[in-house]
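The values are calculated or read from the model by the stated rules, or taken from the named source; none is laboratory data. Quick caveat, the model's predicted, so the values are computed rather than measured. We place every Cβ from the backbone using ideal geometry, glycine too, and count neighbours over all the protein chains shown. Accessible surface is based on the protein model in full, side chains and every heavy atom, while ligands, DNA and RNA are left aside. Shrake-Rupley method; radii C 1.70, N 1.55, O 1.52, S 1.80 Å.
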Amino acid sequence: MADALRQTDIRTLKGIGPAQSQKLNRLGIHTIQDLLLHLPHRYEDRTRITPIAALNVEQGAVIEGDVVQVAVQFGRRRSLVVTLRDTSGQLTLRFFHFSKAQQKGLEAKPRLRCYGAPRRGASGLELYHPEYSLSATAPLSKTLTPVYPATDGITQNFIRRTITQALSLPILTEGLPPLIPNSAYPDLMTCLKHLHAPPEDVDVMQLLAGLDPCQRTLALEELTAYQLGLVKIKAQLSMRSAPSLIPDQSQMDAFHRQLGFQLTAAQARVIEEIFQDLGSKTPMLRLVQGDVGSGKTVVAAFSALVAITSGQQVALMAPTEILAAQHHQTFEQWLQPLGMVPRLITGSLKASVRKTHLDALNRGETEMVIGTHALFQEGVEFSRLGLIIIDEQHRFGVHQRMALRDKGRENQSTPHQLIMTATPIPRTLTMTLYANMDCSIIDELPPGRTPIETRVLANNKRQSVMERLTDACRQAAQAPWPCTPIPPSETLNAQAAETLLEELRRELPDLAVELIHGKMSNADKQQVMTDFKAGHTQILVATTVIEVGVDVPNASFMVIENAERLGLTQLHQLRGRIGRGAKESYCLLLYQPPLGQLSKQRLGVMRDSQDGFHIAEQDLAIRGPGDVLGERQSGEVAFKIADLARDDDLLPQAHRIAQTLASQQEEQAEALISRWIGTVEHYQQA
Ligand code: ADP
Ligand code: MG
């Protein structure tokens with residue numbers, strides 16, 4: 001984009017003072033360029049008025065009518081209830097937050113125009129907190145109304161006004177060279193204008209589905225930029241030097257002997273691939289993908305051993321303190337017989353102990369440290385860090401940002417990096433998301449696992465669930481029972497879990513039922529997990545904290561409530577907690593009826609397959625364009641417009657363009673990266 005846009009601060013716009021600008025900053029918007037690339041994530045049709053009688057549940061519509069009654073209701077929550085009538089019928093507007101002035105205004109029984117999506121309420125169709133205006137005479141909007149990602153304190157109207165203002169800036173007229181010269185693609189400025197202010201004759205269905213040519217063009221650009229960013233990181237990394245780490249065969253053999261099991265062929269192959277990298281003088285950046293239970297930890301241990309026996313330090317990072325503690329236990333058990341002592345450093349450590357550990361690390365006396373990502377933010381200093389292992393489990397997207405964690409240390413060697421993920425990543429995506437990494441796949445489970453039998457059951461069959469649970473526990477199975485997360489709050493999760501705990505204790509008085517959730521202290525969580533692993537607890541009620549890799553070989557029965565609300569990948573991860581021993585395992589997926597067609601299909605995939613890659617591919621295939629916008633915010637990579645489920649057919653093309661740009665048009669490549677990802681420094685720190 002033209003330099004002017006990239007360099008002009010949003011504060012130069014009318015009406016954007018320090019307060020507003022700070023709010024926009026929170027959305028990642030600093031410059032006019034950022035603002036223009038803040039794209040609508042959906043559209044609302046406010047071009048016509050819908051008669052009340054023709055409203056559909058959850059379908060946004062403009063209605064116009066007369067206020068005929070206003071009352072304050074005192075129920076579970078106080079609400080202001082307004083009855084609105086047009087010639088076709090009437091409905092209720094409900095406000096849970098309202099001011100005296102607002103109430104007064106409505107009591108004057110004005111004619112209103114409202115926009116909202118009706119839902120079924122106590123009195124038939126209701127609109128909760130609709131946007132409304134008193135002047136029903138204003139002209140209707142002529143085109144679709146964009147809806148933007150926003151945060152607290154930022155209204156849609158504010159964003160719309162600000163973007164409209166930016167769109168009329170004189171600097172915009174410069175135009176921009178198209179991504180691919182002489183192609184049929186519209187240029188960037190045309191696309192942006194089209195998407196922020198769709199023309200009246202736009203193909204509405206196409207736009208709503210994210211398939212408008214302008215949306216697709218920008219998606220292609222963004223995917224290309226993302227690839228370029230990764231290629232660049234890879235190139236930078238290859239210019240650095242790393243310590244060459246050579247395995248000590250006798251130590252390897254000793255370690256292997258005391259493990260008590262043979263490595264699978266897949267593990268042995270991946271370990272060999274890693275050893276190749278570690279021996280090189282350029283830093284390794286390798287992703288190990290392996291389904292839950294495929295045995296990634298031991299692969300990490302072999303890598304750590306090579307680094308330590310070569311005189312280097314190792315840092316292992318886990319996503320949670322519980323997992324860090326589990327890894328610490330495992331590594332201690334494995335490495336201590338070889339004379340190495342891994343240290344656990346977490347936030348809950350006593351300050352004096354922590355300091356002792358950190359000092360030892362700094363002086364180079366400690367060979368291995370295990371902790372959470374916080375390890376890197378808390379002034380932990382190494383004397384010769386040679387290998388970083390990141391157990392990311394299923395968190396997409398963080399890898400790239402971690403990639404150059406060691407930034408800015410000129411002339412010093414860069415540690416090797418090993419990233420382990422349990423996310424089965426469909427092959428089409430690997431190319432995009434991990435273009436800067438080498439990949440190894442552990443595509444085999446250790447022998448002796450029995451398949452998990454999965455059943456899909458309606459929530460109202462609870463009695464039968466309780467019976468099965470009792471039976472299973474009688475046969476000494478342990479049963480985790482995760483309860484569904486109710487986004488977005490861990491507090492609500494915790495409450496739901498408490499309720500379930502009470503129910504289970506009441507219904508199953510002979511069994512030991514405990515609870516673990518994210519609001520508990522780390523020490524408490526640790527205690528609960530220890531009891532569960534030791535078999536003192538038979539049923540563990542959990543919010544999804546257990547999904548992140550806890551290894552309890554005894555657990556062989558799992559119930560997941562409201563399974564239809566979880567993503568397939570998440571379900572697969574959760575289910576992977578059981579079925580690790582030789583015992584037969586059962587997983588019950590409970591759903592809240594009625595089950596929609598899509599959910600039925602999704603749960604069917606879970607019932608019929610236990611192959612993480614297959615499940616991930618199916619998940620992508622089933623989630624049609626209609627469903628993707630909601631999922632997009634849920635993590636993975638935060639693209640501005642591209643959607644991997646919808647736009648995956650663009651990946652090969654993005655890949656090709658990126659390659660050409662990187663080698664032939666460096667300037668344009670830089671511009672693309674900065675436009676979509678920010679400056680690379682920014683990107684790495686994100
Ligand atoms: P994940 O890949 O999900 O992190 P883990 O590393 O936790 O899996 O391994 C799961 C379990 O399988 C652990 O109890 C581990 O000791 C065991 N395991 C790993 N590799 C093998 C193997 N080759 N043979 C038998 N058991 C193994
Ligand atoms: Mg693991």
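Order 29-40, 250-261 from most to least packed using the mean count of other Cβ atoms within 10 Å. Walk me through the numbers before you get to the answer.
Numbers: 29-40: 21.0, 250-261: 12.3.
Answer by packing, highest mean first, reads 29-40, 250-261.
Can you give me the long-range amide H partners of residue 131? Hydrogens built in the peptide plane at 1.01 Å from N, cutoff under 5 Å, separation of 5 or more residues or another chain.
115
Counting only residues 5 or more places away or on other chains, whose amide H sits under 5 Å from the amide H of residue 372 once H atoms are built in the peptide plane?
318
Can you tell me the dipole magnitude for segment 57-146 around its Cα centre, using point charges on the Cβ only (Lys, Arg +1; Asp, Glu -1), in Debye to the nearest 20?
For segment 57-146, the charge dipole is close to 320 debye.
Can you compute 3J(HN,Hα) from phi for each residue in segment 599-614, using the Karplus curve 6.51 cos²θ - 1.76 cosθ + 1.60 with θ = phi - 60°, rounded to whole Hz and x for Gly and Pro?
5, 4, 4, 5, 5, x, 4, 5, 5, 8, 9, 10, 9, x, 5, 4
Residue farthest toward the positive end of the dipole of the chain, with Cβ of Lys/Arg at +1 and Asp/Glu at -1: which of 87, 322, 553?
The one lying farthest along the dipole's positive direction is 87.
With a cut-off of at most 15 other beta carbons within 10 Å, and DSSP calling the residue loop, which GluC sites (Glu not before Pro) in segment 1-98 qualify? Please list them.
On the way: sites: 44, 58, 64; in loops: 58.
When the GluC sites (Glu not before Pro) of segment 1-98 are filtered for loop state and at most 15 Cβ neighbours within 10 Å, 58 remain.
Applying a 10 Å radius around every beta-carbon, put 664-672, 341-349, 321-329 in order of their mean neighbour count, most first.
My ranking of the peptides, most packed first, is 321-329, 341-349, 664-672.
If you roll a 1.4 angstrom probe over the protein chains with everything in place, what fraction of the accessible area of segment 452-609 belongs to carbon and sulfur, to the nearest %?
On the way: 3290 of 6770 Å².
Taking all protein chains in place, segment 452-609 shows 49 percent carbon and sulfur surface.
For segment 148-155, what does the Karplus curve 6.51 cos²θ - 1.76 cosθ + 1.60, with θ = phi - 60°, yield as ³J(HN,Hα) per residue in whole Hz, taken in order and with x for Gly and Pro?
10, x, 9, 9, 3, x, 10, 8
Whole Å is fine, so just give me how far the alpha carbon centre of segment 228-294 lies from that of segment 430-475.
Their Cα centres are 27 Å away from one another.
Pick out, from 29, 570, 385, the residue whose Cα sits farthest towards the positive end of the charge dipole of the chain, with +1 on the Cβ of Lys and Arg and -1 on the Cβ of Asp and Glu.
Checked the options; the winner is 29.
How far is helix 265-279 tilted off the main Cα axis of the chain, in degrees rounded to 10, range 0 to 90?
That works out to roughly 90 degrees.
Which whole-number value in Å² is the accessible area per residue of the chain, probe 1.4 Å?
On the way: 30710 Å² over 686 residues.
For the chain, the per-residue accessible area is 45 Å².
How much of the accessible area of segment 126-167, in percent, comes from carbon and sulfur atoms when a 1.4 Å probe is used?
57 percent
With 14 Å as the cut-off, how large is the P(r) tail for segment 59-140, expressed as percent of Cα-Cα pairs?
Working: 1987 of 3321 pairs.
For segment 59-140, the share of Cα pairs beyond 14 Å comes to 60 percent.
Using a Cα-Cα cut-off of under 16 Å, which lysines could be cross-linked to residue 14, ignoring same-chain neighbours fewer than 8 residues away?
Result set, ordered by chain and number: 23.
Checking the cross-link filter: which lysines have an alpha carbon closer than 25 Å to that of residue 525, excluding same-chain neighbours under 8 positions apart?
Result set, ordered by chain and number: 296, 350, 355, 533.
Can you list residues from other chains, or at least 5 along the same chain, whose modelled amide H is less than 5 Å from the amide H of residue 419?
When sequence neighbours closer than 5 places are left aside, the close amide H contacts are 286, 287, 288, 390.
Rounded to the nearest percent, how much of the accessible area of segment 267-323 (1.4 Å probe, protein heavy atoms only) is carbon and sulfur? Don't jump to the answer; show the numbers that get you there.
Working: 630 of 1280 Å².
Summing carbon and sulfur atoms, their accessible area is 49 percent of the total for segment 267-323.
I'd like the accessible area for residue 97: 1.4 Å probe, protein heavy atoms, all chains in place, Å² to the nearest 10.
About 130 Å², rounded to the nearest 10.
Which whole-Hz couplings ³J(HN,Hα) result when phi for each residue of segment 33-46 is put into the Karplus expression 6.51 cos²θ - 1.76 cosθ + 1.60, θ = phi - 60°, listed in order with x for Gly and Pro?
With coefficients 6.51, -1.76 and 1.60, one gets 4, 4, 4, 5, 8, 7, 9, x, 9, 7, 10, 10, 8, 10 Hz.
In debye to the nearest 20, how big a dipole does the chain give about its Cα centre with +1 on each Lys and Arg Cβ and -1 on each Asp and Glu Cβ?
Details: 70 positive and 73 negative charges, 363 e Å.
It comes to approximately 1740 debye.
What lysines could a cross-link reach from residue 142, if we take a straight Cα to Cα line under 21 Å and drop same-chain neighbours fewer than 8 places away?
193
Every cysteine in the chain with no other Cys Cβ under 4.7 Å from its Cβ, please list them in numeric order.
So far as the 4.7 Å Cβ criterion goes, 114, 439, 473, 483, 587 stand without a partner in the chain.
What percent does the relative contact order of the chain come to when contacts are Cα pairs within less than 8 Å and at least six residues apart?
13 percent
Using only helices, what value at 222 nm comes out for the chain when you add -39,500 (n - 2.57) per DSSP H run of length 4 or more and divide by the total residues, to the nearest 500 deg cm²/dmol?
Numbers: 25 runs with 272 residues, N = 686.
Computed mean residue ellipticity for the chain: -12000 deg cm²/dmol.
Hey, can you rank 443-451, 304-312 by average C-beta count inside 10 Å, highest first?
Packing proxy ranking, top to bottom: 304-312, 443-451.
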